[in-house]
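Accompanying notes for the structure given below.
The values are calculated or read from the model by the stated rules, or taken from the named source; none is laboratory data. In this text, all values refer to a predicted model and were calculated from it rather than measured experimentally. For neighbour counting, all protein chains shown are included, and Cβ atoms are generated from backbone atoms with ideal geometry for every residue, glycine included.
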Amino acid sequence: MILELRDICKDYIQGKMTVPVLKNVCFEMEEGEYVAIMGPSGSGKTTLMNIIGCLDQATSGTFLLDGEDIGGLNDNQMSEIRLRKIGFVFQSFQLLPRQSALENVMLPLSYAGVPKKERRERAVMALERVGLGDRIDFKPTQLSGGQKQRVAIARAMVNHPKILLADEPTGALDSKSGEQVMDLFHSLNEEGVSILMITHDADIASCAQRQVIIRDGILRQGGR
Amino acid sequence: MLENIRLSFQGIWSHKMRSFLTMLGIIIGIASIISIVSTIKGTNEQIKENLIGAGNNSIQIELYQGDSAYWMDQGAPQGVSAPNQEVLEEVLKIPEVKSASFYNKRDYADSIYYKNTSMDGGKLLGIDRNYLSAAGYDICAGRGFADSDYTQIKKVAILDDKAASTLFQHENPLGKTIELKGEPFTVVGVAKASEEFEPVINSWNDYYTYYGEQMAGFVLVPTASWPILYGFDEAQNMVLQANSTEEMSDAGRKAAEVLNTNLVSDQEQFGYKAQDALEKAKNLQKLSASTNNQLLWIASISLLVGGIGVMNIMLVSVTERTSEIGLKKAIGARKRTILGQFLTEAAVLTSLGGVIGVAAGNVLAKVISRISGTPAAISIPAIVGSVAFSMLIGIIFGLLPSIKAANLNPIDALRHE
Ligand SMILES: Nc1ncnc2c1ncn2[C@@H]1O[C@H](COP(=O)(O)OP(=O)(O)OP(=O)(O)O)[C@@H](O)[C@H]1O
Ligand SMILES: [Mg+2]
């Protein structure tokens, strides 16, 4: 089991009020699965994703990632898990604007302490894998939206994470670029990568093997 | 680390204008410190060179009566023993002493004539064979005194170059006869200080008094011939040369001790004292340094202001780069990685400011030196210290912004657009 969430609650404190955003979320995901989370705006999708991505801690409940209990880990331990086990893809790409595609992809490798020469080799391979072998020295401003997102995917995959987390990866893309990204996800999944994806778009969600829906912080498991 | 430094330079380069303005406080502070230190150092070297006489290392040991040097012009003191050969041998045994010589002296010998030209206020010295080397003089024309000049009590004289030009103008003095207290003496040689140095500083009276002594020319005769002019067995002063500049004080002190233990005097207040040029130089240096130290404090304040400027810009930079920091943390950067990145950036920025400041400071020191005539000397420790210190300022004032960056919550940071 790659993900195991039991009775996860997340509250935000707004002044004197406590606003519950996630209410007793239970969710499981097998290794190698490809799951889409759908739900209206403000329903708590990103909040859930942040908890799964070890960017945030749940207010209550248990969360096991790859069998390891995340509750109670400190800041550095969470960083370590994000580095080794999780790959992030964001709606707004989040590439460093002044660095080339290659440098962007090399970044997580340097945090992981990979030797310099190997970093370059692995980053080039990751960029070739997403079809950008001829764009390694381009700056983000010189790339199209779809290409930027593929650089971001290369960056997410370069440390061979256990799971790829994507928050509306096609949200800022036209339908053709979006399709390319979906094709890439599909083939990565075929290679055995677990993928959890948030989307608004039912067509995009249908690319996944399984869909779950979240509404007002309550998660409903879709058919399996 | 190297990677961080490279990225820092990249960041500085991509905001050239801002980086320069940020560094300006550091640049100005370091430049003023460097120029002040160079001026202090230049002045000090000049003082030392002028007072000690570059490389000459000679020390005067004079007979004192009470607190002031005995003025031989009033006649040699009665009842004070004249030094003898054994005392000289004993002085020469002092390890710091290279050579030593006794001499008779009159400071204002007024009856020195060549034909009708007189030399007023010239010095007249009776010297032994070691004097010229111990006092740091070379014969530049003619010859020095020969053994026969002493044994046969010849009436011969050596002039220094100033006396030669005063008495003879453009005539060749060699072989000419001058009159000393009515006695004819033949000029056999002209001597010249082996190291010439020109006074540059002109603010301290003390300094000029000392220097003034050397301005008038002098006439040298063999000690053996001295009694022709003055009395027999006069008390004498001593000049000696130390092995090195550092040993000057010791050599002078020890030699004076030897002279004093051998001094026989029926009056209590006579004694020998070494003119400690090194000590004198140090005192003058202290004087010039203390005025400049106040300037250094003012310059340090500008460094402090520069440091606060760096902190301010770094805080702005952290806010501006919130999403970059958030992303880096999200993909696995640890706190200390982010901390290291920002600290390096601050340190590189201020070090660069330090380097530019050092360059500007050296140029400034040269300009000041040109305008005011005070010398400037580049001080390597000051340069290394300045760059190290500006790096330290970067680390100190970069700490707060860097901690702020390292502690950013990645979610908030990513949400930041
Ligand atoms: N830091 C926070 N403090 C207070 N409330 C928050 C905070 N972050 C999120 N929320 C609230 O939690 C709720 C869920 O937000 P979340 O970002 O998870 O929605 P979402 O499902 O991702 O929406 P969208 O599809 O628009 O991205 C919202 O009502 C939001 O206002
Ligand atoms: Mg969202």
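Numbers below:
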read-out: Flag if B:VAL358 is in a helix (DSSP H, G or I) and either more than 18 Å from B:ASN4 (Cβ to Cβ) or modelled with pLDDT under 90 (or both); value: yes
read-out: Test: residue in segment B:100-116 that is more than 29 Å from B:LEU167 (Cα to Cα) and modelled with pLDDT of 85 or more; value: yes
read-out: Residues located in segment B:370-380, provided they are assigned to a helix (DSSP H, G or I) and at pLDDT below 85; value: B:SER372
read-out: Qualifying residue in segment A:10-22 (condition: in contact with a Cys (Cβ under 9 Å, 6 or more places away or on another chain) and either polar (S, T, N, Q) or buried (at least 21 other Cβ atoms within 10 Å of the Cβ) (or both)); value: yes
read-out: So A:MET29, is it of a type in the set (A, V, I, L, M) and more than 12 Å from ligand 1 (Cβ to nearest atom); value: yes
read-out: Qualifying residue in segment B:281-288 (condition: modelled with pLDDT of 80 or more and part of a helix (DSSP H, G or I)); value: no
read-out: Tally of residues being among the β-branched types (Val, Ile, Thr) and within 11 Å of chain A (Cβ to nearest Cβ) across segment B:390-417; value: 1
read-out: Condition met for A:LEU48 (of a type in the set (A, V, I, L, M, F, W, C) and near ligand 1 (Cβ under 10 Å from one of its atoms)); value: yes
read-out: Any chance B:ALA388 is in contact (Cβ under 8 Å) with a residue 60 or more places away in the chain and farther than 30 Å from A:TYR12 by Cα; value: no
read-out: Test: A:LEU55 is surrounded by 14 or more Cβ atoms within 10 Å (Cβ to Cβ), assigned to a loop (DSSP other than H, G, I, E, B) and within 13 Å of ligand 1 (Cβ to nearest atom); value: yes
read-out: Test: residue in segment A:62-83 that is under 26 Å from A:GLY217 (Cα atoms), surrounded by fewer than 20 Cβ atoms within 10 Å (Cβ to Cβ) and within 16 Å of ligand 1 (Cβ to nearest atom); value: no
read-out: Some residue of segment B:360-382 being closer than 30 Å to A:ILE52 by Cβ and either in contact with an Asp or Glu (Cβ under 7 Å, 6 or more places away or on another chain) or buried (at least 24 other Cβ atoms within 10 Å of the Cβ) (or both); value: no
read-out: Criterion violated by A:SER92 - all others in (1) away from ligand 2 (no atom under 16 Å from the Cβ); (2) within 13 Å of chain B (Cβ to nearest Cβ); (3) in a loop (DSSP other than H, G, I, E, B) satisfied; value: (1)
read-out: Flag if A:VAL89 is of a type outside the set (Gly, Ala, Ser) and in contact (Cβ under 8 Å) with a residue 12 or more places away in the chain; value: yes
read-out: Search result, residues across segment A:58-76 that are without any contact (Cβ under 8 Å) to a residue 40 or more places away in the chain, more than 18 Å from the chain's Cα centre (by Cα) and assigned to a loop (DSSP other than H, G, I, E, B); value: A:GLY71, A:GLY72, A:LEU73, A:ASN74
read-out: A:GLY87, sole failed condition from (1) assigned to a strand (DSSP E or B); (2) within 16 Å of ligand 2 (Cβ to nearest atom); (3) within 19 Å of A:ALA156 (Cα to Cα); value: (2)
read-out: Subset of segment A:42-52 that is in contact (Cβ under 8 Å) with a residue 24 or more places away in the chain and within 12 Å of ligand 2 (Cβ to nearest atom) - its residue that is surrounded by the most Cβ atoms within 10 Å (Cβ to Cβ); value: A:LEU48
read-out: Every residue from segment A:84-105 that is away from ligand 1 (no atom under 16 Å from the Cβ) and in contact with an Asp or Glu (Cβ under 8 Å, 6 or more places away or on another chain); value: A:LYS85, A:LEU96, A:SER100, A:ALA101, A:LEU102
read-out: Any helices (runs of 4 or more DSSP H) falling wholly within segment A:123-224 and containing at least 3 residues that are away from ligand 2 (no atom under 16 Å from the Cβ) and either over 16 Å from the mean Cα position of the chain (by Cα) or within 14 Å of another protein chain (Cβ to nearest Cβ) (or both); value: A:145-157, A:175-190
read-out: Among (1) more than 9 Å from ligand 1 (Cβ to nearest atom); (2) touching a Ser or Thr at 6+ places or on another chain (Cβ under 7 Å) - the single one A:VAL21 does not satisfy; value: (1)
read-out: Single residue of segment B:306-353 satisfying the filter (free of Cβ contacts under 8 Å to residues at least 40 places away in the same chain, assigned to a helix (DSSP H, G or I) and within 14 Å of chain A (Cβ to nearest Cβ)) that is farthest from B:MET1 (Cα to Cα); value: B:GLU320
read-out: Cβ pairs under 7 Å, 6+ apart, first in segment A:161-174 and crowded, with 22+ Cβ neighbours inside 10 Å, second at pLDDT below 90; value: A:THR170/A:ASP201
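Results for (1) in a helix (DSSP H, G or I); (2) assigned by TED's automatic domain parsing to the domain that holds B:VAL239, shown as yes or no for each residue.
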| residue | (1), (2) |
| --- | --- |
| B:GLN46 | yes, no |
| B:ILE61 | no, no |
| B:GLU86 | yes, yes |
| B:GLU90 | yes, yes |
| B:TYR113 | no, yes |
| B:LEU125 | no, yes |
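Residues are listed down the side, and each one gets a yes or a no for (1) more than 20 Å from the chain's Cα centre (by Cα); (2) modelled with pLDDT under 80; (3) part of a helix (DSSP H, G or I):
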residue: B:LEU220; (1), (2), (3): yes, no, no
residue: B:PHE232; (1), (2), (3): yes, yes, no
residue: B:ASN260; (1), (2), (3): yes, no, yes
residue: B:GLN267; (1), (2), (3): yes, yes, no
residue: B:LYS273; (1), (2), (3): yes, no, no
